[in-house]
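The values are calculated or read from the model by the stated rules, or taken from the named source; none is laboratory data. Bear in mind that the values here come from a model prediction, so they are computed numbers and not experimental data. Cβ: placed from backbone, ideal geometry, glycine included. Neighbour counts: every protein chain shown.
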Amino acid sequence: MSTIREFAMGLPKAELHLHLEGTLEPELKFELARRNGIELPERTVEEVVATYDFTDLTSFLAVYYPAMRVLVTADDFRDLAYAYLTKAASQGVQHVEMFFDPQAHTSRGVPFHTVISGYRRGILDARREFGISAELILCMLRDFSAEYAMATLMEALPYRDWIIGIGLDSDERGNPPEKFAEVFARARTEGFLLTMHCDIDQVGSIDNIRTVLTQIEVDRIDHGTNIVEDPALVDLAIERGLGFTTCPISNSFVTAQMKSAEIVDLLRRGAKITVNSDDPAYFGGYVGDNYAALAEQADLTPADLAQIAKNSFEVSWISERRRADLIASVDAYLTTWS
Ligand code: ADE
Ligand code: ZN
C-alpha cells in the first residue's frame with residue numbers, strides 16, 4: 001500500500017521558505033573547502049553533523065554563518081543552487097522562491113555580483129535540466145544595521161530582473177521589523193514584493209507579527225504561527241489571503257516541537273498555510289520530508305496535503321496562468337491517488 005510519505009514526495013508543490021545557504025550539505029562543504037584551499041576543523045561528515053546541536057535560533061545561526069566561508073567563487077554559489085534544485089525537483093517541487101543572504105558574503109569580502117551571478121547560473125542550469133523554475137528573494141540580515149540594508153538594496157537594483165522580492169532574516173532578538181520600515185518602503189517603491197521572518201516563540205513575536213501585517217504590509221510572512229495568540233490578527237491574515245511559510249522540521253530544532261497544532265489550527269481556519277524546509281542541510285529534511293513529517297505527526301490526509309500544496313501555488317509569485325495549471329496538477333495528482 002502507498003504511504004502518506006510517498007504521496008507527499010510526488011505531490012506537485014512550490015517551496016517558498018528556503019535559504020540557499022541552508023542547503024549546504026557537509027559533502028559539498030568539504031568539496032568547496034578543498035577547491036578553495038580552506039582548512040576545516042572537522043574531518044568527516046559525522047564530525048560536521050555533531051556540531052548541529054541547536055536549542056534555539058541563536059545557537060543555529062552560530063553554526064550556520066561560519067560554514068559559509070567555503071563559498072567564495074561564482075561557481076561555488078552556482079553549484080550550491082544547482083544541488084538544491086536537483087534535490088527539490090526529486091521531491092515534486094515545480095517552483096521555488098528562495099532566500100539568499102548577500103550580506104553574509106559581502107561582509108566577508110565576497111562581491112555581490114559573484115554571489116548573485118553564481119546563483120542565477122544554478123537556476124538557469126536546473127531549469128534547463130529539470131524544468132523546475134526558481135526566483136530569488138534577497139534577505140536582509142536583521143542583526144546588521146538599517147543603513148547596511150539600504151546600501152545592499154541599492155547594490156541590488158541593477159539586478160532587479162533576477163530578484164523577485166526582499167525578505168528579512170537572522171536573529172530577531174532586539175531586531176524588530178520596524179527597524180527596517182524605511183528599507184522595505186523603498187523596496188516596495190522599487191517594485192519588489194515583500195516578506196519577513198517572524199520566527200517561532202521570539203520575545204515579542206506577536207507584536208512583531210502585528211507590525212509586519214499592519215505597518216510594513218508584507219505580501220507574505222515567514223513562519224508567523226505565533227499569530228494564533230491574537231485572534232483578530234488571524235482574521236485579518238485570513239481576510240487578506242496572506243501566505244504563511246511554515247517549516248515544521250525546522251521548528252522542531254529551534255523549539256521543542258514542530259508546532260503542528262498551530263499549523264493545523266490555522267490551516268483548518270482557512271489561512272493560507274504552506275509547508276517548507278527552511279535550512280534542509282541543517283535540519284535533515286527537504287520539503288517532501290516536511291510534508292510527510294507534518295502529516296505523520298498531525299494525522300493529515302492526502303486531501304489535507306493537497307490543500308497545502310494548492311496554497312503554495314496560490315500564494316507564490318507566479319503568473320496567474322501558471323498558477324491555474326499548477327493548481328490543476330495538484331487536483332489531478334490527488335485524483336490518481338485516491
Ligand atoms: N536564516 C536561516 N534560517 C533562518 C531562520 N529560520 N530564521 C531566521 N534566519 C534564518
Ligand atoms: Zn527561514
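Residues 200, 216: which one is among the β-branched types (Val, Ile, Thr) and touching a Phe, Trp or Tyr at 6+ places or on another chain (Cβ under 7 Å)? It would help to see each step written out before you state the result.
Numbers: 200 fails: touching a Phe, Trp or Tyr at 6+ places or on another chain (Cβ under 7 Å).
None of the other options fit; the residue is 216.
Within the stretch 56-114, take every residue that is part of a helix (DSSP H, G or I) and charged (D, E, K, R) and give me the one that is nearest to residue 8 (Cα to Cα).
87
Here are some residues: 209, 227, 221. Which one is under 25 Å from residue 116 (Cα atoms), in contact with a Cys (Cβ under 9 Å, 6 or more places away or on another chain) and modelled with pLDDT of 95 or more?
221
Residues to consider are 21, 27; find the one that is surrounded by 15 or more Cβ atoms within 10 Å (Cβ to Cβ), of a type in the set (Asp, Glu) and part of a helix (DSSP H, G or I).
21
Tell me, which helices (runs of 4 or more DSSP H) lie completely within the stretch 236-294 with 1 or more residues that are over 18 Å from residue 169 (Cβ atoms)?
248-254, 260-268
Residue 232 is checked against (1) within 18 Å of residue 315 (Cβ to Cβ); (2) in a helix (DSSP H, G or I) and fails just one. What number does that condition carry?
Every listed condition holds for residue 232 apart from (1).
Just checking, which of 146, 134 is without any contact (Cβ under 8 Å) to a residue 40 or more places away in the chain and within 26 Å of residue 198 (Cβ to Cβ)?
Checking each option against the conditions leaves just 146.
Closer than 30 Å to residue 29 by Cα, more than 17 Å from the chain's Cα centre (by Cα) and surrounded by 22 or more Cβ atoms within 10 Å (Cβ to Cβ) - does that describe any residue in the stretch 280-293?
Yes, the stretch 280-293 contains a residue that is closer than 30 Å to residue 29 by Cα, more than 17 Å from the chain's Cα centre (by Cα) and surrounded by 22 or more Cβ atoms within 10 Å (Cβ to Cβ).
Quick check on the stretch 1-54: of everything there that is among the charged types (D, E, K, R) and closer than 16 Å to residue 95 by Cα, which residue is nearest to ligand 1 (Cβ to nearest atom)?
My answer is 15.
Can you name the residue in the stretch 81-110 that is over 16 Å from the mean Cα position of the chain (by Cα) and of a type in the set (Val, Ile, Thr) and, of all such residues, is farthest from ligand 1 (Cβ to nearest atom)?
So the residue we want is 86.
Name the residues in the stretch 253-269 that are within 16 Å of ligand 2 (Cβ to nearest atom) and modelled with pLDDT of 95 or more, would you?
Within the stretch 253-269, 258, 259, 263 meet the criteria.
Across the stretch 158-178, what is the total count of residues that are in contact with a strand residue (DSSP E or B) (Cβ under 9 Å, 6 or more places away or on another chain) and outside any strand (DSSP E or B)?
Going through the stretch 158-178 one residue at a time, the tally reaches 7.
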